[in-house]
Amino acid sequence: MLHAPRPVPTVEDSLLSIEQAGWENVHVFSEPGSEEVSADQHVAVSRLGPFNNLLRAVIYLLESGKGDVLVFQDDVQVSRYAREALVDPLIRNWRPVPEGVISLYEPFESAEYAVDGLNLATETKHGYGALGYLFTRKCAREFTKFHHPHKRRGLQADLRVFNWCMQMGFQYHWHSPSLIMHTGHTSSLGDRPLTVTRQCKWFAPDARDLNYVVPGSRPDVTQIPAYSAHHSV
């Protein structure tokens, strides 16, 4: 998980959400000044920024594990269906896992014409949102070997990942409905207000029913009646 100081901390709720989705032993990659967390924490010596902190996390997870690499932001609610959607061959709509990056987030403008399951990104707007990424191992290896420019003025972390995939020939998919949504009140990529178009349009919180989706346009998912009725947060 990528972690940075926030006026209203969201990291512990995000950790709980990830664990409830079925992932354990989460590592947290914190920027200086971040609060302590109840997980393995790696605090950077100096401020890295969203993209370089993401790169640091991918390098560590690639070197310390044997499988694909999964990275989350620290201000997210993860669907309890997410792990099933990514690993269960009976319900996913791809075989084998495509080499590249899978975004658990469905950008707002991509929802209307998406199909259930994975959708291949072909336009820049499909790459918005760095809330949760799955890098296949081969893709992660190439991502860490690539000489990324130290700074790309005006280009956020999400589009840097998307543009890199397009440049290097790796596929970039997003999942519909969204398996992840923001829970903070600002964008995960900065202090900009979290407007409707910086949220997903449809979020699938239920663990098994793909048809059970709720509007995802509010920053606080606990305030959505349909969500609150089905899950305790």
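No lab work stands behind these numbers, since they all come straight from the coordinates. Being a predicted model, the structure only gives us computed values, none of them experimental. So basically every Cβ, Gly included, is an ideal-geometry build from the backbone, and we count neighbours across all protein chains shown.
Annotations for the structure displayed:
- Protection proxy ranking of 103-114, 118-129, by the mean of other Cβ atoms within 10 Å over each peptide's residues and highest first, is 103-114, 118-129.
- Separation of the Glu24 and Gln171 label points, Cα + 7 Å toward Cβ, nm: 3.2 nm
- Each peptide in 50-58, 69-77, 130-138 was scored by the mean count of other Cβ atoms within 10 Å over its residues; highest first, the order is 69-77, 130-138, 50-58.
- Summarising the label geometry, the points placed 7 Å from Cα in the beta-carbon direction at Val45 and Lys138 lie 3.6 nm from one another.
- A cut-off under 10 angstrom between Cβ atoms defines the neighbours of Ala4, and their net charge, with Lys, Arg +1 and Asp, Glu -1, is -1.
- Full-extension gain in nm, Lys145 to Thr124, via 0.36 nm per residue minus C-alpha separation: 5.2 nm
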